[in-house]
1. Is it true that residue 178 is more than 14 Å from the ligand (Cβ to nearest atom) and either of a type in the set (Lys, Arg) or part of a strand (DSSP E or B) (or both)?
2. Suppose we keep only residues that are hydroxyl-bearing (Ser, Thr, Tyr) and without any contact (Cβ under 8 Å) to a residue 24 or more places away in the chain within the stretch 164-214. Which one would you say is farthest from residue 132 (Cα to Cα)?
3. Exactly one condition in (1) more than 10 Å from the ligand (Cβ to nearest atom); (2) modelled with pLDDT of 95 or more is not met by residue 62; state its number.
4. Right, residue 152: among the basic types (Lys, Arg) and not in a helix (DSSP H, G or I) or not?
5. Within the stretch 197-208, is there a residue that is of a type outside the set (A, V, I, L, M) and more than 27 Å from residue 3 (Cα to Cα)?
6. I'm trying to understand the selection: among the residues of the stretch 156-174, which are within 12 Å of the ligand (Cβ to nearest atom) and open to solvent by 50 Å² or more (accessible area, probe 1.4 Å)?
7. Between 134, 86, which is within 19 Å of residue 11 (Cα to Cα), surrounded by 13 or more Cβ atoms within 10 Å (Cβ to Cβ) and either in contact (Cβ under 8 Å) with a residue 12 or more places away in the chain or under 18 Å from the mean Cα position of the chain (by Cα) (or both)?
8. Return the residue satisfying two criteria in turn: it lies in the stretch 1-59 and is part of a helix (DSSP H, G or I) and touching a Gly at 6+ places or on another chain (Cβ under 7 Å), and of such residues it is least open to solvent (accessible area, probe 1.4 Å).
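The values are calculated or read from the model by the stated rules, or taken from the named source; none is laboratory data. Just so it is clear, the structure is predicted and the values come from calculations on it, not from any experiment. Glycine gets a Cβ as well: all are built from the backbone with ideal geometry, and neighbour counts include every protein chain shown. For accessibility, only protein heavy atoms count, side chains too; no ligands or nucleic acids. Shrake-Rupley method; radii C 1.70, N 1.55, O 1.52, S 1.80 Å.
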Amino acid sequence: MERKGFFITFEGGEGCGKSTQISLLESALKSAGEEVLVLREPGGTCVGEAIRHLLKSPEEGSSLVPEAELLLFAASRAQLVREKIRPALARGQWVLCDRFLDSTTVYQGVARCLDSSQVSLINRFAVGDTLPDRTFFLDLPWGEARLRVGKRNGAPDRFDSENDLFHNAVREGFLRLAEREPERVATLDASASQQSLATVIQKNISSFCHVLFS
Ligand code: TYD
């Protein structure tokens, strides 16, 4: 049977504009007659949302060690893959996910300095053979991203409040990962306008599948 939906992930540091691009792509795919499921990580399931709360809360997550943090992200992802992602792909839907295993490779494996081969093993255990067909990395220098994050409403979470060194390491980590996997990971300049980014993303998607965007 011809494959209908694809698994697309969005990655990047804080404030890079992933959620805007995800909703623009969701609308464009729906206008083209596709069925779309949008998910986020950590979260997307009951179990995952409980884990998300723990991971993001500066109070409840204050004593988390990096190893436990890694396993919690992996646990949330293992649940999401089996409960939501695989069934949706099997139904022929598109799955758009706000972050996936590349975030763990970079945040835990690079910025938290955990052993990258162990991180990679745990990532693979969590997802099995469910890997993204295409990943869009929205790249923004931390200096610019920090200004965007500062304008957000609400209190900063455990990750927003990390120092500049951490956020610069995240950006470097994503850049290196994109260099290692150029076939899957497309690096986009997130300082471009929302509409031009959306157009680049749609063109990229049209290059490997049947969808005709209007
Ligand atoms: P979220 O509010 O979803 O951040 P954003 O809007 O920037 O995507 O919070 C998720 C945070 O968790 C984010 O700072 C990145 C971090 N994270 C990891 O450290 N490892 C992971 O595997 C994932 C999925 C997220």
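1. no
2. Only one residue fits best here, namely 193.
3. The number of the failed condition is (2).
4. yes
5. no
6. Of everything in the stretch 156-174, those that are within 12 Å of the ligand (Cβ to nearest atom) and open to solvent by 50 Å² or more (accessible area, probe 1.4 Å) turn out to be 156, 161, 162.
7. One residue alone meets the criteria, 134.
8. 55
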